[in-house]
Amino acid sequence: MNQIITIDGPAGSGKSTISRALAKKINFLYLDTGAMYRAVALDAKRRGISPDNGRRMGDLIKSMDLHFKTDEDPPKLFLGSEDISLAIRSPEMDMLASRVSAVKEVREGMSHLQRKMARGLKVVAEGRDMGTVVFPDAEHKFFLTALPRVRAERRYKERLGRGESVSKEIVESELKKRDKNDKTRSLAPLKPAEDAKIIDSTQLTPEQVVEEIMGHLKLTKS
Ligand code: DC
């Protein structure tokens, strides 16, 4: 039976860490939809397709052979036979993914693919519009938030950890820009579903957030 848990929220809210840990704990598939938008951005860039060209972007998505290798932790994302897990994590892809994700044909193609990937499975689906658009009938919906300063700090540490030399100010201003793009676009903007539980992770460790989510899952079950 299909069982979906959605986790949405802005960059740096802890979605990925928490979704991955939760999926592992309850033995669900982890679906990282942000990675999928990043893959579209990467492929469009390589092929020289402008994000503003909706028709070509739509055709591109139809031609992409995108799949996760889920027996690895974190799961790896493949485009055909190429492992693109690292290539999609650059600052350039942060911004380009946000840009392509506002295009109608891209959202339609991605939503279709995400539903197909989840069909018949138990899934923790992470993104911006999982609870509002892609899986509106999901059994459990969560929306993670945290103060912008804390989210920027988390991203800053992540990027330093990847060996980038970047200033905290730049990370913070990029994060603000991406938040604005994602919240104000006309299609599937970032916002909590009406029936989502909102969890503020500003003062919580990832383990505490997972515990809180587990508590809600149990409550609803009994
Ligand atoms: O979660 P992330 O930072 O990897 O996502 C990259 C971009 O993809 C994000 O800025 C907006 C877009 N995105 C989206 O529009 N809808 C989703 N479900 C997931 C991501």
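The values are calculated or read from the model by the stated rules, or taken from the named source; none is laboratory data. Fair warning: this is a prediction, and the values are worked out from it, not measured in the lab. Reconstructed Cβ throughout: ideal geometry from the backbone, glycine too, with neighbour counts over all protein chains shown. Each accessible area value is taken on the protein alone, full model and side chains, heavy atoms only, with ligands, DNA and RNA left out. Shrake-Rupley method; radii C 1.70, N 1.55, O 1.52, S 1.80 Å.
Radius of gyration (Cα atoms) of the chain, expressed as a multiple of 2.2 N^0.38 Å: 0.97. Taking the 1.4 Å solvent-accessible surface of the chain as the whole, the part contributed by carbon and sulfur is 52%. Applying the Karplus relation 6.51 cos²θ - 1.76 cosθ + 1.60 with θ = phi - 60° to the stretch 9-22 yields 3J(HN,Hα) values of x, x, 4, x, 7, x, 3, 5, 4, 6, 4, 5, 5, 5 Hz, where x marks Gly and Pro. Non-local lysine pairs in the stretch 1-82, meaning eight or more places apart or on different chains, with alpha-carbon distances under 20 Å, amount to 9. Per the Debye formula with a single identical scatterer at each Cα and no solvent contribution, what log10 I(q)/I(0) holds for the stretch 1-99 at q = 0.10, 0.12, 0.25 Å⁻¹? Here log10 of I(q) over I(0) equals -0.30, -0.43, -1.39. Of all beta bridges that DSSP places with both ends in the stretch 8-130, some 55 percent have antiparallel geometry. Near the amide H of ILE7, within less than 5 Å, lie the amide hydrogens of ALA125, GLU126, GLY127, PHE142, all on another chain or at least 5 residues away, with H placed in the peptide plane. Ellipticity at 222 nm from helices only: DSSP H runs of n ≥ 4 in the chain, each -39500 (n - 2.57), divided by the residue count, give -15500 deg cm²/dmol.
If only the Cβ of Lys and Arg carry +1 and only the Cβ of Asp and Glu carry -1, the dipole of the chain around its Cα centre is close to 300 debye. Taking the Cβ-Cβ separation of MET214 and SER173 as r and a Förster radius of 45 Å, what is the calculated FRET efficiency to the nearest 0.05? About 0.80, to the nearest 0.05.
Between the listed residues TYR30, ILE61, ILE5, the Cα displaced farthest toward the positive end of the dipole of the stretch 1-133, a dipole computed from Cβ unit charges relative to the Cα centre, is found at ILE5.
Distance between Cα centroids, the stretch 71-104 to the stretch 1-58: provide it in whole Å. So the separation of the two Cα centres works out to 8 Å. In the full protein context, the stretch 97-202 carries 52 Å² of accessible surface per residue, based on a 1.4 Å probe and ignoring ligands, DNA and RNA.
Per residue, the solvent-accessible area of the stretch 19-59 (1.4 Å probe, heavy atoms of protein chains only, all protein chains present) comes to 45 Å². Taking only the C-alpha atoms of the stretch 1-56, the Rg (one decimal) and the largest Cα-Cα distance, Dmax (whole number), read 15.0, 41 Å.
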